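A quick write-up on the structure given underneath.
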Amino acid sequence: MKIGIIGTGPVGGSLAKNLAALGHQVKVTNTRQPTELARKAQELGASPATLPDVVQDVDLVFIAVPFKVLAEFPKDLFRSLPPR
């Protein structure tokens, strides 16, 4: 399964690591600089992605950020996800 995860803290990082270990294709994003994100993604067994890219061409998205951050997401961020 192709999975996008927004947030690489304790929850998002654990999800990414475990899902990647199970053989899923995992993309992650966070608010860190691209080099830090790339390092974190490699550590988790995932691929780094920008916020718009993490929701593209995936079957499932996990949001693992504080609720207050949701208001900052682009309004059409999840438009490309398949309806379910």
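The values are calculated or read from the model by the stated rules, or taken from the named source; none is laboratory data. Everything numeric here is computed off the predicted structure, so don't read it as measured data. Don't worry about glycine lacking a Cβ; one is built from the backbone with ideal geometry, like all the others, and counts go over all protein chains shown.
General remarks:
- Matching option when the condition is hydroxyl-bearing (S, T, Y), out of contact with any Cys (no Cβ under 7 Å at 6 or more places or on another chain) and either at pLDDT 95 or above or assigned to a helix (DSSP H, G or I) (or both), among T35, T31: T35
Okay, residues lined up against (1) over 21 Å from L77 (Cβ atoms); (2) in contact with a Pro (Cβ under 8 Å, 6 or more places away or on another chain):
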{"position": "K2", "(1), (2)": "no, no"}
{"position": "G7", "(1), (2)": "no, no"}
{"position": "A21", "(1), (2)": "yes, no"}
{"position": "K27", "(1), (2)": "no, yes"}
{"position": "R32", "(1), (2)": "no, no"}
{"position": "E43", "(1), (2)": "yes, no"}
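- Residue count for the range 48-83 satisfying the condition of being of a type in the set (D, E, K, R) and in contact with a strand residue (DSSP E or B) (Cβ under 9 Å, 6 or more places away or on another chain): 3.
- Identity of the residue in the range 20-36, among the small types (G, A, S) and more than 13 Å from the chain's Cα centre (by Cα), that ends up surrounded by the fewest Cβ atoms within 10 Å (Cβ to Cβ): G23
- Taking the range 38-58 as the range and being part of a helix (DSSP H, G or I), out of contact with any Phe, Trp or Tyr (no Cβ under 8 Å at 6 or more places or on another chain) and surrounded by 15 or more Cβ atoms within 10 Å (Cβ to Cβ) as the test, the residues that pass are K40, A41, L44, V54.
- Per the conditions (1) within 23 Å of D76 (Cα to Cα); (2) without any contact (Cβ under 8 Å) to a residue 24 or more places away in the chain; (3) among the acidic types (D, E), the sole criterion not satisfied by E36 is (1).
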